[in-house]
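Enquirer: My questions will all concern the structure given below.
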Amino acid sequence: MGEPYQDREASDPKLRATDLTRTFGRTPHTVDALGPLDLTVAPGEFVCVVGPSGCGKSTLLRIAAGLLRPSMGTLEIRTSSPRPAAMIFQDYGIYDWKTVRANVRFGLDIQRVPRREANARADDWLARMGLSDFAHAYPATLSGGMRQRVAIARALAVQPELLLMDEPFAALDAQLRTILQDELLDLTQSLRTTTLFITHSLEEAIVLGDRVLVMSARPGRIIAEHRPPFPRPRTGDIRTAPEFTALKSELWDLLRKEAAPV
């Protein structure tokens, strides 16, 4: 992760990537995974990124989280916190040996928030996610949807300036995925947390996003940007709108061309 912005105007992007590039391996066996890519995300904006498999979407997110370094270019986050970002993974990323409450409290413990306050914040998020009755249970006893709710609660409990989500609902069945999309929509509209969301689901991107960015095949670059024509606050009912179907079809045409074999 690059240097945080300092003393900028409030209208400046929360996240800015400039000529961002990532390669893996060593010459002559390098793989160009990402870029060059330019990207900005405004404060409070929910940006969804879609693209064909292997195009570097997750690589982009891991650079934003500070888990990978760019090979070239920069990614900067304007922040007032030493730990500005929280990340939610597809595989939940919660700890089997910790209770649900301890999992939700984990980031607060790392930040050395006093235990009483940390418990109160964890309990508040458990209540918001409908998990209060499972505070002392262990993840092995939970369904997939409940585990992902724990992961979301843990991320939001630390009050991140930037929420990074890497296909968080991909492993869930279609019905549960729709439920969690709608729950996340309600949460993010009320909190206005700046969010960068990676997904393969065009429906998910249109329901959740202020903007939908389309990436090319590897090495991933941003080739298109669409703003779903639905004002906020919005609900999952937009799925039945003709404009929803039209935008989904347009996005699929773009992706189909990128995913086609050369």
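No lab work stands behind these numbers, since they all come straight from the coordinates. Treat the numbers as computed from the prediction; the structure is a model and nothing was measured. Here the Cβ is made from the backbone with ideal geometry for all residues, glycine too, and neighbour counts use every protein chain on show.
Enquirer: With +1 on each Lys and Arg Cβ and -1 on each Asp and Glu Cβ, how big is the dipole of the chain about its Cα centre, in debye rounded to the nearest 20?
Expert: Values: 33 positive and 32 negative charges, 125 e Å.
So the magnitude is around 600 debye.
Enquirer: Taking 8 Å as the Cα distance limit and 6 or more residues as the minimum spacing, I'd like the relative contact order of segment 177-262 as a percentage.
Expert: Numbers: 67 pairs, mean separation 23.6, N = 86.
With pairs under 8 Å counted, the relative contact order is 27 percent.
Enquirer: Follow-up question, since we're still on this one. Below 12 angstrom from the Cβ of Arg232, what's the summed charge of the other residues (Lys, Arg +1; Asp, Glu -1)?
Expert: Values: positive: Arg192, Arg227, Arg234; negative: Glu45, Asp186, Asp210.
Once all neighbours under 12 Å are counted, the net charge is 0.
Enquirer: At what distance in angstrom do the alpha carbon centres of segment 165-206 and segment 60-87 lie from each other?
Expert: 21 Å
Enquirer: Just want the answer: with Cβ charges of +1 for Lys and Arg and -1 for Asp and Glu, which residue in Pro28, Thr59, Cys48 is farthest toward the dipole's positive end in the chain?
Expert: Pro28
Enquirer: Sticking with this structure for a sec: Which one, Pro229, Pro242, Pro139, has the greatest fluctuation when you compute a Gaussian network model over the chain with C-alpha springs under 10 angstrom?
Expert: Pro242
Enquirer: When you have a sec, figure out the Kirkwood radius of segment 95-159 from all distinct Cα pair distances and drop it here in Å to one decimal? Can you show the working numbers first?
Expert: Working: mean 1/r = 0.0889 Å⁻¹.
11.2 Å is the Kirkwood radius here.
Enquirer: Do you know the relative contact order of the chain, to the nearest whole percent, from alpha carbon pairs under 8 angstrom that are 6+ apart?
Expert: Result for the chain is 26 percent.
Enquirer: While we're here: With an 8 Å Cα cut-off and a minimum separation of 6 or more residues, compute the relative contact order for segment 95-159 in percent. Please list the in-between numbers first.
Expert: On the way: 75 pairs, mean separation 32.5, N = 65.
So the answer I get is 50 percent.
Enquirer: Hey, another quick one. Under a cut-off of 16 Å between alpha-carbon atoms, report the aspartates and glutamates in cross-link reach of Lys14, not counting same-chain residues fewer than 8 places apart.
Expert: Filter leaves Glu3, Asp38, Glu45, Glu76, Glu161, Asp210.
Enquirer: Identify all lysines with a Cα-Cα distance to Lys248 below 26 Å; exclude those on the same chain that are fewer than 8 residues away in sequence.
Expert: Lys57, Lys257
Enquirer: Helix-only mean residue ellipticity at 222 nm, the chain, DSSP H runs n ≥ 4 weighted -39,500 (n - 2.57), per residue, nearest 500. What is it? Write out the running numbers ahead of the final one.
Expert: Details: 7 runs with 90 residues, N = 262.
After summing the helix terms and dividing by residue count, I get -11000 deg cm²/dmol.
Enquirer: Kindly list the residues of segment 99-116 that lie in the label zone of Thr141, defined by a backbone N under 17 Å from the point 7 Å along the Cα-to-C-beta vector.
Expert: Once the point is set 7 Å along Cα→Cβ of Thr141, 99-104 turn out to lie under 17 Å by backbone N, inside segment 99-116.
Enquirer: Could you list the square roots of 5 times each eigenvalue of the Cα gyration tensor of segment 183-260, that is, the equivalent ellipsoid semi-axes, sorted largest first and rounded to whole Å? Before the final figure, lay out the partial values.
Expert: Numbers: eigenvalues 103, 48, 17 Å².
Value: 23, 15, 9 Å, ordered largest first.
Enquirer: Just to be sure I follow the definition: excluding the sites themselves, where is the longest run in the chain that has none of the chymotrypsin sites (Phe, Trp or Tyr not before Pro) in a DSSP loop with at most 15 other Cβ atoms within 10 Å? It would help to have the intermediate numbers written out before the result.
Expert: On the way: sites that count: Tyr95, Trp97.
By the stated rule (loop sites, at most 15 other Cβ atoms within 10 Å), 98-262.
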